[in-house]
1. How large is ³J(HN,Hα) for each residue in segment 167-178, as worked out from phi by the Karplus curve 6.51 cos²θ - 1.76 cosθ + 1.60 (θ = phi - 60°), to whole Hz, x for Gly and Pro?
2. Give a residue-ordered list of calculated ³J(HN,Hα) values for segment 56-70 (Karplus: 6.51 cos²θ - 1.76 cosθ + 1.60, θ = phi - 60°; whole Hz; x for Gly, Pro).
3. Work the Kirkwood hydrodynamic radius out for the chain: mean of 1/r over every pair of different alpha-carbon atoms, inverted, in Å.
4. With all protein chains present and a 1.4 Å probe, how do 65, 166 order by accessible area, largest first?
5. Output ³J(HN,Hα) for segment 143-151: one whole-Hz value per residue in order, computed from phi by the Karplus curve 6.51 cos²θ - 1.76 cosθ + 1.60 with θ = phi - 60°, and x for Gly and Pro.
6. Once the whole set of protein chains is in place, how much accessible area is left on residue 126, using a 1.4 Å probe, in Å² to the nearest 10?
7. Rounded to the nearest 20 debye, what is the charge dipole size of segment 10-106 about its Cα centre when +1 sits on each Lys and Arg Cβ and -1 on each Asp and Glu Cβ?
8. Return the carbon/sulfur percentage of the accessible area of the chain, one whole number, probe 1.4 Å, all protein chains in place.
Amino acid sequence: MPQAAPFVVHDRWGGGARKRSLPLSRVYALLETGPVVLLTTARDGRANVMTMSWHTMMEFEPPLVGCVVSDRNYSFALLKATKECVINIPTAKLARQVVAVGNSTGRRIDKFAAFGLTALRAARVEAPLVGECYASLECRIADARLVAKYGFFILEVVKAWIDPSVKAPATLHHAGRGTFRVAGRTLRLPSRMK
Ligand SMILES: Cc1cc2nc3c(=O)[nH]c(=O)nc-3n(C[C@H](O)[C@H](O)[C@H](O)COP(=O)(O)O)c2cc1C
């Protein structure tokens, strides 16, 4: 086996003059770029919704999604108790409601009524779909072993819904501190995946 050539390290901190040191408290905003979603839960006929951007895909099929739900949120107790939720994906049209939902708690108000969101019946779970979102993923907890330590729930998507009329969804991507980017151009490149 040919030896890999040692890589050249230039003697400048941070890879050159253009990069600066970034406070560790700002790191999340660089990687937190999946679409911002609305996570719904329900118990005893009452539904709640929270904004969430800390999530990650973990498996293709059955789809597994890992997500962090803080135990300070009302949604944490509902998700832990019912073991079910729906991940709803909004577009930029819903940006103001998404932020309002993320800055209020369902402990005190009905966020569906307060922010004009429509709760639609789901097929496999009690938590509702959000009518205004272009996609909704009904989920059940698949693994709760990291919940106590990190608030990290591993969810299995058991039913998925999509509005086929939304061709290139302008999803919202949180860039930290109330700043969002909106998904834009679509690039099509060769892929092994069908
Ligand atoms: C853009 C945005 C992203 C958020 N992402 C998360 C997240 O990933 N996990 C989390 O626990 N809270 C997140 N939050 C905070 C919750 O949405 C917020 O605490 C909400 O009020 C909880 O509602 P609840 O008490 O009704 O469950 C986010 C808020 C905003 C505005």
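The values are calculated or read from the model by the stated rules, or taken from the named source; none is laboratory data. These numbers come from a predicted model, not from an experiment. Because the Cβ atoms are built from the backbone with ideal geometry, glycine has one as well, and the counts that use them run over all protein chains shown. The accessibility values were calculated without ligands, DNA or RNA, using every heavy atom of the protein model including side chains. Shrake-Rupley method; radii C 1.70, N 1.55, O 1.52, S 1.80 Å.
1. Taking θ as phi minus 60°, the curve returns 7, 10, x, 7, 6, 9, 10, 6, 10, x, 6, x Hz for segment 167-178.
2. For segment 56-70, the Karplus-derived couplings read 8, 5, 10, 7, 6, 8, x, x, 10, 10, x, 8, 9, 10, 5 Hz, x marking Gly and Pro.
3. Numbers: mean 1/r = 0.0539 Å⁻¹.
After inverting the mean inverse Cα-Cα distance, the result is 18.5 Å.
4. If we order 65, 166 from most to least accessible, we get 166, 65.
5. In residue order, the calculated couplings are 7, 10, 5, 9, 5, 4, 7, 10, x Hz.
6. Solvent-accessible area, nearest 10 Å²: 110 Å².
7. Details: 12 positive and 7 negative charges, 101 e Å.
That gives segment 10-106 a dipole magnitude of about 480 debye.
8. On the way: 7500 of 13330 Å².
So the carbon and sulfur contribution to the accessible surface is 56 percent.
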